[in-house]
Amino acid sequence: MCIKTTYIVILYLFYCNVLTIDSCENYNTCDECIGDPKTNCVWCAKEEWSELRCRSIYPGNWCLNHTINPKNSVIKTDDRSFSSDLGKTVQIRPQEYKVELRIGQEISFNFSYEAAKDYPVDIYFLIDVSLSMADIKSKTANKSENIYFAISNLTSNVFLGLGTFVDKNAIPFNTFYNSSLTYSFKHHLNFTRSYENFKKILNDVPLGQNYDTPEGGLDALAQVMVCKEELGWRTQSRKIVVLLTDATYHAAGDGRLAGIVKPYDGKCYMKNNVYSNELSMDYPSVSMIGKLAADEQITVVFAVKNSMQSVYTKLSNSVRNSWSTTYDSADMDVILKEIYEEITQSIKLDIRSPYRKKIDINFIPDCLEERNDECNVKTGQQTNFTGTLKLLDYIEADNFLVDVLIGGVKENLKLNIDVIKKCDCVTDVSSIKCNAFGNRRCGICECNPGRYGDKCECTATSSSRMSDNSSCIAPGHTELCSGHGFCHCGSCHCRERYNGRYCECNQNSCTLDASGAPCNGRGNCLCGVCTCTSNDWYGAACECYKPKTPCITDDGKLCNNRGRCECGECKCEPIAQWDARYYQDQFCRITPCPDCHSRQCNMLENCAKCHHTGNTNCSDCDTIIRVNVTRTLGEFNITDSKWNVCYFETNGICYSRFMYRYDDDNYSIEMYVQTDIDCAESYYMFGGLFLIALILIGIATLVAWKLLTDARDRREYELFQKQRAEDMSETRRNPYFKPPTMTFANPVFRKRSTNQLKL
């Protein structure tokens, strides 16, 4: 019993000692100490200091008046007021911050966005003029007036531009003799307000031709985005390119079929309004198109044939601020109006920095509605943002730039960041305290190359031990190197499985995995604390996967926008009370269930009944439920698998219907309630019940009649048997009996016989 108690006490003291060891103690210089990205380390620059100099946990009177703990600072350096003046538009404020940032520490900054009134819009139409596009070309020209006025109703400053493309004029892309009808890109009209001129020029453009199915749309699109002066893009405008085609596209690498191997370099090569390098440069890559669109803040609208939408949807997913639609779905003026309204009513923030992967930046808006990095806004309404920025790891540069851009508007907030890497200490060059072999700075010696030790007393080839081993004894202890190593030249050299400045840490004090490795084999154990060696892992035992890739669905949503990613797994939001479904998969996607429909109908019935009566203020309807009222559901395609139909009773004998569908993108439910009632079903039901009841009554009557007659006959038979038994005592002639035969006497029978005898 005593042995067990002693063992527990020893373990307790051991772990108490281990857990109180500071992880900052391994840093030997002030610059290393303050540069720790994970711990807020503080350096003690006091001379003749015998304790640990770098710590994160310390009492209030520790190294009083000599601590070095640099703090972040944020200062506005450019703060112009909002303006809608043409050429002097300001939509983001402030425009620049000067930031002093310490690695691993977070700063906060504020900025605002206000959409300018009548902000200029440049719309460039890039049209595939191959033979199959004849109808679309003509239709676009004829609708040019509608297109212009549709956007003019939203902003009065609208300019239209025009260019066309077919494909590279080279075999095998083109094998026709009339090569003038095959080209990668031609610019026809600089930006203008004249939709009549736009219509005339587009109608006059001849149709081209090429041999293979894909077109050279990316060649043309790249030139439209980079040739700003040649096409007349305005400096301050919302820039939109509408690419119309009915075929897929050539991309980087396809040019090799014609012997064109030089990659496209992202520059403008326009000569006489024609792309001049189509036969010497390969097609642009999709990533190049995405980069150009992002650099110039150009919104690309891919308006394509129905059969091509899936192809261009994938392309649109790779090009930020782009859209994919079909020109078969509606007229171009309607399509552009809807897209422009959505563009101008939402804010998309974009971050540019050479060290984007090493910074963590987040924004909290006060918008009307928040969806990921977007929020709905109104023109003239100011939207405020609170941003946070943290530098996650050490970088070589002493300063760098972070640009915060508003998608589609070429304005940005600049964050000029100076990284705090050096401690602000006075340097004593070749100090006597360092034996003239180093500089004295921040309370310690920074030794020259080839020298080391607390006083630079050791050389790289020295094997002698210092007579003063005090630097190898931990404060409050008496053993050299905690009894787990030896002291050499003022420093501890630890035995296997031990580390720390004084060899006080057991590497196995951290959690061990199944193979016996500490920190799951992904980090170093220092005094019971895991220091993960890879930025991809974190946690007390380096057990959590930091990248959010395992939480991203196939369509690029993080936990389906319904949860947060923790330790490589989605932590989902609970299912709402209005939702009858009850199962979420690993990506927080809510899946249907076989018994959900009837439950969902019951949950929505009161809401449907309320709207059926014409009431619009229904307390039974959750705010997330979008209810529409219609005369009859027959006007809709209710055979669509997304819609579910429910029935409800109106006045006890008649019924009506409503249908619903789930909108998992915005996590809501949409309903259509029918106002017409249907009594036919009730009549049939009650008529059928009456007929069945009548038949049952008839059958019951027949059965009762049969039972009664049988009972009466049985009583009569029993009476007959009783009387018969009584009458069998003697034989009597029934006075009412009539024999079946009759006897007649021949009156002459005897007379004739007598006469015969007499003869």
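General observations
- If you go through the stretch 389-409 and keep only what is in contact (Cβ under 8 Å) with a residue 24 or more places away in the chain and in a strand (DSSP E or B), you end up with LEU389, LYS390, LEU391, PHE400, LEU401, VAL402, ASP403, VAL404, LEU405, ILE406, VAL409.
- Residues located in the stretch 570-589, provided they are of a type in the set (Phe, Trp, Tyr) and open to solvent by 40 Å² or more (accessible area, probe 1.4 Å): TYR582, TYR583
- Subset of the stretch 548-580 that is part of a strand (DSSP E or B) and of a type in the set (D, E, K, R) - its residue that is nearest to the chain's Cα centre (by Cα): ARG564
- Boolean, THR386 is surrounded by fewer than 19 Cβ atoms within 10 Å (Cβ to Cβ) and modelled with pLDDT of 90 or more: yes
- Subset of the stretch 532-542 [surrounded by fewer than 16 Cβ atoms within 10 Å (Cβ to Cβ) and in contact (Cβ under 8 Å) with a residue 24 or more places away in the chain]: ASN535, ALA540
- Within the stretch 666-688, the set of residues being surrounded by 16 or more Cβ atoms within 10 Å (Cβ to Cβ) and either at pLDDT below 80 or hydroxyl-bearing (Ser, Thr, Tyr) (or both) comprises TYR667, SER668, TYR672, SER682.
- Just one of the listed residues (LEU315, LEU336, LEU292) is in contact (Cβ under 8 Å) with a residue 12 or more places away in the chain, touching a Gly at 6+ places or on another chain (Cβ under 8 Å), surrounded by 20 or more Cβ atoms within 10 Å (Cβ to Cβ) and under 25 Å from LYS410 (Cα atoms), and it is LEU292.
- Set side by side, the residues CYS434, CYS458, CYS442, CYS447 differ, and just one is more than 24 Å from SER112 (Cβ to Cβ), crowded, with 18+ Cβ neighbours inside 10 Å and touching a residue at least 60 places away in the same chain (Cβ under 8 Å), which is CYS442.
- Enumeration of residues in the stretch 621-662 that are among the hydrophobic types (A, V, I, L, M, F, W, C), at pLDDT below 85 and over 21 Å from PRO592 (Cα atoms): CYS621, LEU633, PHE636, ILE653, CYS654
- Against the criterion of being over 30 Å from LYS38 (Cα atoms), at pLDDT 90 or above, acidic (Asp, Glu) and open to solvent by 50 Å² or more (accessible area, probe 1.4 Å), ASP122 does not qualify.
- Selection count, the stretch 171-191, where residues are out of contact with any Leu (no Cβ under 6 Å at 6 or more places or on another chain), open to solvent by 10 Å² or more (accessible area, probe 1.4 Å) and either of a type in the set (Gly, Ala, Ser) or without any contact (Cβ under 8 Å) to a residue 40 or more places away in the chain (or both): 7
- Identity of the residue in the stretch 125-136, open to solvent by 20 Å² or more (accessible area, probe 1.4 Å), of a type outside the set (Ser, Thr, Tyr) and touching a residue at least 24 places away in the same chain (Cβ under 8 Å), that ends up nearest to GLY208 (Cα to Cα): LEU131
- If the condition is being of a type in the set (Ser, Thr, Tyr) and in a helix (DSSP H, G or I), then the stretch 100-151 contributes SER132, SER138, THR140, SER144, TYR148.
- The condition (being at pLDDT below 90 and either assigned to a helix (DSSP H, G or I) or surrounded by 10 or more Cβ atoms within 10 Å (Cβ to Cβ) (or both)) is satisfied by just one residue among LEU702, LEU691, LEU696: LEU691.
- Number of the condition not met by SER84 [criteria: (1) touching a strand residue (DSSP E or B) at 6+ places or on another chain (Cβ under 6 Å); (2) open to solvent by 50 Å² or more (accessible area, probe 1.4 Å)]: (1)
The values are calculated or read from the model by the stated rules, or taken from the named source; none is laboratory data. As the structure is a prediction and not an experimental result, all values here were calculated from the model. Here the Cβ is made from the backbone with ideal geometry for all residues, glycine too, and neighbour counts use every protein chain on show. Each accessible area value is taken on the protein alone, full model and side chains, heavy atoms only, with ligands, DNA and RNA left out. Shrake-Rupley method; radii C 1.70, N 1.55, O 1.52, S 1.80 Å.
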